[in-house]
Amino acid sequence: MITHLTPIKSKSQYDAYINRLDDLMEQESLSKDQETQLEHLSILIDAYEQENHSVDLSSLTPIDIIKFRMDQLQLRQKDLSFIGSSGVVSEVMNGKRQLNLNMIKTLSTELDIPVELLIK
């Protein structure tokens with residue numbers, strides 16, 4: 001058990017904090033101290049990940065971002081029928097057709113992708 005929380009300085013400390021966070025999250029009920037520790041661990045882990053695992057999204061195209069999100073949601077190209085026919089979806093995903101404003105709005109809503117990432 002971790003008794004004193006400090007900012008994460010190493011991969012092994014990060015792993016220990018992740019393991020403790022997992023342990024706390026698996027419990028059915030938490031004491032007030034455990035709830036506080038869970039909150040503090042989350043903040044420290046997030047700060048470490050932001051500093052050490054941030055992704056430069058500027059090099060990604062909107063299609064890269066859509067494909068990444070589709071992978072996360074376990075979707076296939078046919079699941080994007082909400083933006084058009086299978087031919088339109090294919091053309092968009094292969095870079096032969098630009099996303100239009102309606103497609104961007106719909107993709108943002110349906111896939112929970114910020115509009116800013118779809119406009120380039």
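Just so you know, all these numbers are worked out from the coordinates, no wet-lab data involved. Keep in mind it's a predicted model, so treat the numbers as computed, not measured.
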For helix 11-26, what angle does its Cα long axis make with the longest principal axis of the chain, in degrees from 0 to 90 and rounded to 10? 90 degrees
Mind listing the Cα extents of region 1-116 along all three principal axes, in Å, largest one first? 57, 32, 20
Where the centroid of each part is defined by its Cα atoms, how far is region 54-119 from region 1-44 in Å? 36 Å
If I fit a long axis through the Cα atoms of helix 32-52 and take the longest principal axis of the Cα atoms of the chain, what angle between them do I get, 0 to 90°, rounded to 10? 50 degrees
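Run the helix sum for the chain: -39,500 (n - 2.57) per DSSP H stretch of 4+ residues, divided by residue count, reported at 222 nm to the nearest 500 deg cm²/dmol.
Details: 6 runs with 72 residues, N = 120.
Dividing the helical sum by the residues of the chain leaves -18500 deg cm²/dmol.
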On a 0 to 90° scale, report how tilted helix 101-111 is relative to the longest principal axis of the chain, with both axes built from alpha carbons and the result rounded to the nearest 10. 40 degrees
Check the straight Cα-Cα distances from Lys120 and name the lysines below 29 Å, setting aside those fewer than 8 residues away within the same chain. Lys67, Lys78, Lys96, Lys105
